[in-house]
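The values are calculated or read from the model by the stated rules, or taken from the named source; none is laboratory data. The structure displayed is predicted, hence computed values, not measured ones. Virtual Cβ from ideal backbone geometry, glycine too; neighbours counted across all protein chains shown. For the accessible areas, the whole protein counts, side chains as well, though only heavy atoms, and no ligand, DNA or RNA atoms are used. Shrake-Rupley method; radii C 1.70, N 1.55, O 1.52, S 1.80 Å.
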Amino acid sequence: MATLAYPSLRSVVVSFLLHVLLLLAFSFSVWGRPTTFLQDFKVTWSDSHIRQINGGTAIQLVLDQNSGCGFASKSQYLFGRVSMKIKLVPGDSAGTVTAFYMNSNTDSVRDELDFEFLGNRTGQPYTVQTNVYAHGKGDREQRVNLWFDPAADFHTYTILWNHLQVVFYVDQVPIRVYKNNEARGIPFPKFQPMGVYSTLWEADDWATRGGLEKIDWSKAPFYAYYKDFDIEGCPVPGPSTCASNPGNWWEGGAYKQLSPVEARSYRWVRMNHVIYDYCTDKKRYPVTPPECV
């Protein structure tokens, strides 16, 4: 009778560990690298109101009656993906704005991609406003009521930017897509590198119900938390061929348009959670903006 050769326990364990290491290597090559705050960022506004936590792997932003605060990436980038996990101001956050955005830091011809989290009275949903500036043209606001409490735990907010589209994600769910329609004469942010910024500040003249709900300073100080800072893109200054390289992973086939699963999630968000879209605001735009058609 022939005997069957079974692998030894040691060989099984070694094979399993190698498989895990390969998966991890693939994951980090695709999804980027976690970093500490000071590795890629610097404080730009009120360093006394930004506190590092857990050896700099997380930070706390503070807003009080004296000041808000902000930080920015040390480099600018041309195309790629930026992502952070954020836990927003809890409780009565009306009048506060926590922003996470990319900006070309130019005046008249500005490019910018915005997440702005608009606080609210206790028990009301948090609203996230997105906006896109291209070649100095903005006023493209959309607002989504989040389907969870973003102050109860960390959630991942991501901006993917390539030659064909900009996609805003919340926990891998796309909430906004801005396509490159340059062929129709519509500007698209494609020439100017952008830095990554974040701020926590008072904006009770417009943030909550159009400024009707004012900030309650008796609830101050207000806190927001960040961790898992992740930037993958072409740094500027850097290799001049990077931004035009079709081999960059964010230019790959999987990122030229939403996947079928992402498209279904996107439709669900648009149908159930969008509360304002400049595309349908006939008072501001009697003629529908061309990129909305």
**Message:** What number comes out for accessible area per residue over the chain if the probe is 1.4 Å? Units Å², please.
**Reply:** 50
**Message:** Contact order normalised by length for the stretch 37-280, with contacts defined as Cα pairs under 8 Å and 6 or more residues apart; what percent is it?
**Reply:** 29
**Asked** Hey, of (i) 1.13; (ii) 0.93; (iii) 1.04, which did the structure itself give for Cα Rg over 2.2 N^0.38 Å when calculated?
**Response** (i)
**Complete:** Checked against a 28 Å limit on the C-alpha separation, the offending pairs among Lys85/Lys256; Lys256/Lys283; Lys42/Lys256; Lys227/Lys283; Lys256/Lys282 are Lys256/Lys283; Lys42/Lys256; Lys227/Lys283; Lys256/Lys282
**Prompt:** Once phi is turned into ³J(HN,Hα) by the Karplus curve 6.51 cos²θ - 1.76 cosθ + 1.60 with θ = phi - 60°, what whole-Hz value does each residue of the stretch 70-87 show in order, with x for glycine and proline?
**Reply:** x, 9, 8, 5, 6, 10, 9, 9, 10, 6, x, 9, 10, 8, 8, 9, 10, 10
**Asked** Quick one: Karplus J couplings for the stretch 176-192, per residue in order, coefficients 6.51, -1.76, 1.60, θ = phi - 60°, nearest Hz, x for Gly and Pro?
**Response** 7, 10, 10, 7, 7, 10, 4, 4, 9, x, 9, x, 9, x, 8, 10, 9
**Asked** Taking a Cβ-Cβ separation under 4.7 Å as the criterion for a possible partner, which cysteines of the chain have none?
**Response** Cys69
**Request:** Quick one: net charge around Arg270, please, counting Lys, Arg +1 and Asp, Glu -1 for every other residue with C-beta under 13 Å from its C-beta.
**Result:** +2
**Message:** Let me make sure I get this right: for the stretch 159-254, a, b and c are the square roots of the gyration tensor eigenvalues over alpha carbons, sorted descending. Under 1.5 in a/c it's rounded, otherwise prolate if a/b > b/c, else oblate. Which is it?
**Reply:** prolate
**Asked** For the stretch 89-167, rounded, prolate or oblate, judged on the Cα gyration tensor with a ≥ b ≥ c (square roots of eigenvalues), a/c < 1.5 rounded, else prolate if a/b > b/c?
**Response** prolate
**Burial ranking of peptide ranges 124-131, 38-45 (average Cβ count within 10 Å, highest at the top)** = 124-131, 38-45
**Asked** Rounded, prolate or oblate: which fits the stretch 211-293, taking a ≥ b ≥ c as square roots of the Cα gyration tensor eigenvalues, rounded meaning a/c under 1.5, else prolate when a/b beats b/c?
**Response** oblate
**Item:** Cβ-based net charge around Gln65, under 14 Å, with every Lys or Arg adding one and every Asp or Glu removing one
**Value:** -2
**Asked** Among the aspartates and glutamates, which have Cα under 13 Å from the Cα of Lys137 when same-chain residues fewer than 8 positions away are ignored?
**Response** Asp107, Asp111, Glu112, Glu291
**Asked** Of the listed peptides 239-246, 82-89, 187-194, what is their order by residue-averaged count of other C-beta atoms within 10 Å, with the highest listed first?
**Response** 82-89, 187-194, 239-246
